[in-house]
Amino acid sequence: MITDDPYWSEIKVKKKYVIAVFIPIFLVFIYYAFFSTENQTSRIEFAKNLFKSNFTGIVVRKYVTWSNHNEHVVEIQINSRIQRLSGFDWSNIYNLSYIGDTIIKNADEKVIIIRNGNRDTIADMVEYYQDALKIKNEK
(Lines give C-alpha, C1' and ligand atoms only; values in the text may rest on other atoms or scores of the structure.)
Protein backbone atom coordinates (compact mmCIF):
# COMPACT_ATOMS: atom_id res chain seq x y z
CA MET A 1 0.00 0.00 0.00
CA ILE A 2 1.19 3.56 -0.69
CA THR A 3 0.77 4.83 2.88
CA ASP A 4 3.18 2.18 4.19
CA ASP A 5 5.91 3.22 1.76
CA PRO A 6 8.56 5.39 3.55
CA TYR A 7 9.03 7.47 0.39
CA TRP A 8 5.46 8.78 0.52
CA SER A 9 5.60 9.52 4.23
CA GLU A 10 8.81 11.52 3.66
CA ILE A 11 7.09 13.59 0.97
CA LYS A 12 4.22 14.35 3.38
CA VAL A 13 6.74 15.59 5.98
CA LYS A 14 8.50 17.78 3.39
CA LYS A 15 5.15 19.16 2.27
CA LYS A 16 4.33 20.14 5.85
CA TYR A 17 7.65 21.97 6.23
CA VAL A 18 7.19 23.76 2.93
CA ILE A 19 3.71 24.90 3.94
CA ALA A 20 4.91 25.93 7.40
CA VAL A 21 7.67 28.11 5.89
CA PHE A 22 5.94 29.65 2.88
CA ILE A 23 2.56 30.57 4.37
CA PRO A 24 4.05 33.06 6.88
CA ILE A 25 6.28 34.53 4.17
CA PHE A 26 3.26 34.89 1.89
CA LEU A 27 1.19 36.55 4.64
CA VAL A 28 3.96 39.07 5.39
CA PHE A 29 4.19 39.89 1.68
CA ILE A 30 0.43 40.43 1.45
CA TYR A 31 0.50 42.72 4.48
CA TYR A 32 3.23 44.96 3.09
CA ALA A 33 1.84 44.95 -0.43
CA PHE A 34 -1.73 45.89 0.45
CA PHE A 35 -1.96 47.22 3.98
CA SER A 36 1.20 49.22 4.49
CA THR A 37 0.33 52.93 4.66
CA GLU A 38 3.86 54.35 4.47
CA ASN A 39 3.80 54.67 0.67
CA GLN A 40 0.25 56.04 0.71
CA THR A 41 1.10 58.68 3.32
CA SER A 42 4.12 59.88 1.36
CA ARG A 43 2.03 60.07 -1.80
CA ILE A 44 -0.57 62.25 -0.05
CA GLU A 45 2.14 64.58 1.29
CA PHE A 46 3.80 64.77 -2.12
CA ALA A 47 0.47 65.67 -3.75
CA LYS A 48 -0.14 68.41 -1.17
CA ASN A 49 3.34 69.87 -1.68
CA LEU A 50 3.02 69.72 -5.45
CA PHE A 51 -0.38 71.44 -5.31
CA LYS A 52 1.07 74.28 -3.22
CA SER A 53 4.28 74.60 -5.26
CA ASN A 54 4.97 77.36 -7.76
CA PHE A 55 7.69 77.12 -10.40
CA THR A 56 8.57 78.14 -13.93
CA GLY A 57 11.45 76.59 -15.83
CA ILE A 58 12.77 75.53 -19.23
CA VAL A 59 13.01 71.85 -20.18
CA VAL A 60 16.71 71.06 -20.64
CA ARG A 61 16.70 67.25 -20.58
CA LYS A 62 14.26 64.33 -20.74
CA TYR A 63 15.06 60.68 -20.14
CA VAL A 64 13.76 57.37 -18.87
CA THR A 65 15.56 55.72 -15.97
CA TRP A 66 15.48 52.08 -17.00
CA SER A 67 17.05 51.02 -13.71
CA ASN A 68 14.29 52.74 -11.70
CA HIS A 69 11.16 51.05 -13.07
CA ASN A 70 11.17 53.07 -16.31
CA GLU A 71 10.55 56.33 -14.48
CA HIS A 72 10.02 59.30 -16.81
CA VAL A 73 12.22 62.21 -15.73
CA VAL A 74 12.10 65.79 -16.95
CA GLU A 75 14.86 68.20 -15.93
CA ILE A 76 14.04 71.90 -16.00
CA GLN A 77 16.24 74.91 -15.48
CA ILE A 78 14.90 77.37 -12.91
CA ASN A 79 17.07 80.50 -12.95
CA SER A 80 20.57 78.99 -12.80
CA ARG A 81 19.82 75.64 -11.18
CA ILE A 82 18.55 72.37 -12.65
CA GLN A 83 15.46 70.85 -11.02
CA ARG A 84 14.73 67.18 -11.61
CA LEU A 85 11.00 66.42 -11.89
CA SER A 86 10.68 62.91 -10.54
CA GLY A 87 9.03 61.17 -7.63
CA PHE A 88 5.76 60.17 -9.23
CA ASP A 89 4.38 59.63 -12.71
CA TRP A 90 5.63 62.56 -14.80
CA SER A 91 4.99 60.67 -18.04
CA ASN A 92 2.31 63.12 -19.19
CA ILE A 93 4.77 66.03 -18.86
CA TYR A 94 7.47 63.86 -20.47
CA ASN A 95 5.24 63.02 -23.45
CA LEU A 96 3.81 66.51 -23.99
CA SER A 97 6.99 68.59 -23.62
CA TYR A 98 10.06 69.12 -25.78
CA ILE A 99 13.51 70.42 -24.90
CA GLY A 100 13.29 74.20 -24.83
CA ASP A 101 9.63 74.32 -23.72
CA THR A 102 8.66 76.36 -20.68
CA ILE A 103 6.99 74.49 -17.80
CA ILE A 104 4.72 76.63 -15.61
CA LYS A 105 3.16 75.42 -12.36
CA ASN A 106 1.19 78.02 -10.42
CA ALA A 107 0.48 77.59 -6.72
CA ASP A 108 -2.86 76.03 -5.79
CA GLU A 109 -3.56 74.82 -9.34
CA LYS A 110 -3.97 71.25 -10.48
CA VAL A 111 -2.57 71.82 -13.96
CA ILE A 112 0.88 72.34 -15.40
CA ILE A 113 1.19 74.55 -18.48
CA ILE A 114 3.72 73.60 -21.15
CA ARG A 115 4.47 76.62 -23.33
CA ASN A 116 6.23 76.34 -26.69
CA GLY A 117 6.31 79.69 -28.46
CA ASN A 118 2.67 80.66 -28.87
CA ARG A 119 1.32 77.16 -28.18
CA ASP A 120 0.17 76.26 -24.64
CA THR A 121 -0.48 72.67 -23.65
CA ILE A 122 -2.18 71.92 -20.36
CA ALA A 123 -1.06 68.80 -18.52
CA ASP A 124 -3.78 67.82 -16.10
CA MET A 125 -2.62 66.58 -12.69
CA VAL A 126 -6.17 66.16 -11.36
CA GLU A 127 -6.09 62.38 -11.66
CA TYR A 128 -3.00 62.17 -9.46
CA TYR A 129 -4.54 64.46 -6.83
CA GLN A 130 -7.79 62.47 -6.87
CA ASP A 131 -5.86 59.23 -6.26
CA ALA A 132 -4.07 60.82 -3.31
CA LEU A 133 -7.32 62.19 -1.87
CA LYS A 134 -9.03 58.83 -2.34
CA ILE A 135 -6.25 57.17 -0.35
CA LYS A 136 -6.61 59.83 2.36
CA ASN A 137 -10.39 59.41 2.57
CA GLU A 138 -10.11 55.62 2.81
CA LYS A 139 -8.09 55.88 6.05
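Under the condition of being of a type outside the set (F, W, Y) and either closer than 15 Å to M125 by Cα or exposed (fewer than 11 other Cβ atoms within 10 Å of the Cβ) (or both), the residues counted in the range 73-98 number 13. For the range 68-93, the set of residues classified as at pLDDT 85 or above and among the hydroxyl-bearing types (S, T, Y) consists of S80 only.
The values are calculated or read from the model by the stated rules, or taken from the named source; none is laboratory data. Not measured: the values here are computed from a predicted model. Using ideal geometry, Cβ is built from the backbone for each residue, glycine included, and neighbour counts are taken over all protein chains shown.
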